[in-house]
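Structure, as structure tokens:
The values are calculated or read from the model by the stated rules, or taken from the named source; none is laboratory data. In this text, all values refer to a predicted model and were calculated from it rather than measured experimentally. Positions of Cβ are backbone-derived with ideal geometry, glycine not excepted, and every protein chain shown enters the neighbour counts.
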RNA sequence: UGGGGCGUAGCCAAGUGGCCUAAGGCACCGGUUUUUGGUACCGGCAUUCGGAGGUUCGAAUCCUCCCGCCCCAGCCA
């Protein structure tokens with residue numbers, strides 16, 4: 001009962017599926033590159049989310065399709081925020097999504113020495129200088145979006161002074177924030193990234209990999225492109241907000257003796273309705289306790305989606321369906337839901353589970369006896385075979401499957417009505433037992449022994465088939481239901497604060513669910529279908545005598561739609 | 001008022017001057033099948049491509065102007 005990740009497959013036709021793959025195909029065709037190299041470059045300052053999943057599907061997917069390779073590189077240039085725990089979690093998530101970096105695991109920090117040498121090269125070429133301005137002063141000197149900046153008073157220091165100062169920065173002679181190394185480009189540029197961007201800053205924080213070997217760290221702009229070049233990356237794919245950084249990426253390439261010449265291309269990041277996809281906000285939800293952790297099943301993190309029971313293959317399918325473009329978009333959650341149902345419908349084993357139990361006594365079934373009935377494991381896949389489920393005189397059925405006074409379109413059980421118990425018998429409701437308040441406590445039924453297995457020899461039809469569980473054999477369990485974490489399509493759109501849109505009712509727990517016996521021994525991570533209800537995944541909180549399930553997603557429910565329409 | 005992008009159905013997205021009176025998927029609406037009110041299957045769903053002009057025999061695709069939305073002023077990535 002596992003959902004094994006499948007190997008990503010190449011596009012079936014030879015037309016590139018998106019503009020990035022088109023560029024890659026052209027570069028291969030023109031001979032610009034013989035082999036393409038991409039990279040997935042997370043910063044280890046949090047867990048990966050489904051947006052990173054999209055990026056991985058692009059980077060690893062394109063590499064596989066074009067017979068190149070994709071590196072996993074940690075962009076670990078800011079020790080103030082990064083942790084080993086995140087490095088470990090990210091690796092696990094990449095593997096889970098089905099991607100393999102082989103031997104190509106890298107860290108920007110592997111390049112710190114080379115990066116430092118190149119920084120000295122820039123200084124010697126008079127293309128970088130040490131600045132003493134404070135962060136506030138630097139902001140003032142930078143100008144605004146519409147006004148040019150002005151040169152720092154230290155902009156024209158001599159090469160020797162710059163070199164000396166930079167060496168002393170490395171040696172730890174200055175306090176955090178006292179000085180920075182800046183590229184000398186153009187303080188009047190319309191592109192603010194070109195107004196002498198910072199290349200190095202002083203930060204005294206233990207680095208997960210280099211410990212306290214360094215007290216100066218390269219910035220993203222300086223480290224990222226050069227790391228690409230060192231690794232031989234050909235196509236450096238990132239999201240739209242880095243478009244403005246490309247001129248700086250190119251400037252550094254042109255002014256440094258890098259061993260290769262990668263190019264950066266940008267695509268739009270994923271936005272999903274009813275959730276947030278930014279590490280800053282997800283970190284906030286975790287730290288402020290709005291969720292139980294990074295792997296809370298309501299979180300759009302890969303860890304959360306995995307715990308919720310989403311198969312990795314469904315996520316990959318989702319990524320291929322949304323495509324890769326440069327237009328800002330918000331993908332409806334319904335599309336993800338569809339991918340999950342589509343995958344699970346084909347792969348998930350069927351089981352019977354009563355979530356809101358109502359007792360049924362089959363009055364003409366012999367007391368104390370039971371029998372085993374054969375049930376199909378997955379009608380979508382004969383190879384999954386069958387199993388035996390116990391049946392007896394006392395059963396549980398779903399409370400919602402009975403109505404004492406049913407409306408016209410309600411086909412399920414009602415007084416005097418005959419329905420089928422799946423894989424078992426036709427039963428007819430003969431009596432309703434209520435408590436003093438009028439609440440239905442128990443149903444009395446009779447069964448037709450001739451309908452064993454669920455077919456009637458005389459050909460009479462019933463309009464409904466119910467799932468059920470033998471009370472004497474049932475396993476009690478807890479089942480957790482999740483709704484969207486936010487009530488607004490775009491959280492925070494109105495007030496500016498996502499917490500104003502948080503759904504106070506995103507978790508529902510049913511603690512008296514009655515499951516068929518096989519469900520007492522599933523493994524964590526298994527996602528099964530509870531017939532007629534949805535897909536459910538075993539949660540790590542399960543204990544040997546009390547399983548806990550997460551509802552991954554419900555089945556499409558047209559009956560609910562009909563009910564809604566009827567008011 | 002600076003720089004960089006983006007605008008094709010409710011959502012995502014093909015389309016690269018004629019085969020576009022515009023693919024495909026999701027959603028939605030009908031119907032068929034059904035021992036899951038699930039699945040599967042069939043049908044419907046943009047005379048129109050942000051708007052206005054222009055070029056052309058011919059424009060979603062080329063040009064001009066306009067409008068709207070997104071990103072950038074971290075010693076974050």
Any residue in the stretch A:191-213 that's in contact (Cβ under 8 Å) with a residue 24 or more places away in the chain and at positive phi: show its pairings with residues that are surrounded by 18 or more Cβ atoms within 10 Å (Cβ to Cβ) and assigned to a strand (DSSP E or B) at Cβ separation under 8 Å, as long as the two are six or more apart or on different chains. A:196/A:131; A:196/A:182; A:196/A:183
Among the candidates A:490, A:428, residue that is surrounded by 15 or more Cβ atoms within 10 Å (Cβ to Cβ), more than 17 Å from residue A:532 (Cα to Cα) and more than 16 Å from RNA strand B (Cβ to nearest atom): A:428
Scan the stretch A:28-35 and give yes if some residue there is surrounded by 14 or more Cβ atoms within 10 Å (Cβ to Cβ), at pLDDT 95 or above and under 21 Å from the mean Cα position of the chain (by Cα), otherwise no. no
What single numbered condition from (1) within 27 Å of the chain's Cα centre (by Cα); (2) over 18 Å from residue A:71 (Cβ atoms); (3) surrounded by 17 or more Cβ atoms within 10 Å (Cβ to Cβ); (4) more than 14 Å from RNA strand B (Cβ to nearest atom) fails to hold for residue A:279? (4)
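Residues are listed down the side, and each one gets a yes or a no for (1) in contact with a helix residue (DSSP H, G or I) (Cβ under 6 Å, 6 or more places away or on another chain); (2) touching a residue at least 12 places away in the same chain (Cβ under 8 Å); (3) surrounded by fewer than 17 Cβ atoms within 10 Å (Cβ to Cβ):
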residue: A:326; (1), (2), (3): no, yes, yes
residue: A:330; (1), (2), (3): no, yes, yes
residue: A:346; (1), (2), (3): no, yes, yes
residue: A:354; (1), (2), (3): no, yes, no
residue: A:379; (1), (2), (3): no, yes, yes
residue: A:382; (1), (2), (3): no, no, yes
residue: A:392; (1), (2), (3): no, yes, no
residue: A:404; (1), (2), (3): no, yes, yes
Restricting to the stretch A:524-537, and then to whatever is farther than 21 Å from residue A:465 by Cα and either touching a residue at least 60 places away in the same chain (Cβ under 8 Å) or touching a helix residue (DSSP H, G or I) at 6+ places or on another chain (Cβ under 8 Å) (or both), can you tell me which residue is farthest from RNA strand B (Cβ to nearest atom)? A:525
Is it the case that the stretch A:363-374 has a residue that's away from RNA strand B (no atom under 14 Å from the Cβ), touching a helix residue (DSSP H, G or I) at 6+ places or on another chain (Cβ under 6 Å) and farther than 28 Å from residue A:300 by Cα? no
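Let's see how each residue does on (1) within 21 Å of residue A:163 (Cα to Cα); (2) within 14 Å of RNA strand B (Cβ to nearest atom); (3) part of a loop (DSSP other than H, G, I, E, B); (4) within 33 Å of the chain's Cα centre (by Cα):
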| residue | (1), (2), (3), (4) |
| --- | --- |
| A:196 | yes, yes, yes, no |
| A:217 | yes, yes, no, yes |
| A:233 | no, no, yes, yes |
| A:261 | no, no, yes, yes |
| A:264 | no, yes, no, yes |
| A:286 | no, no, no, yes |
| A:295 | no, no, yes, yes |
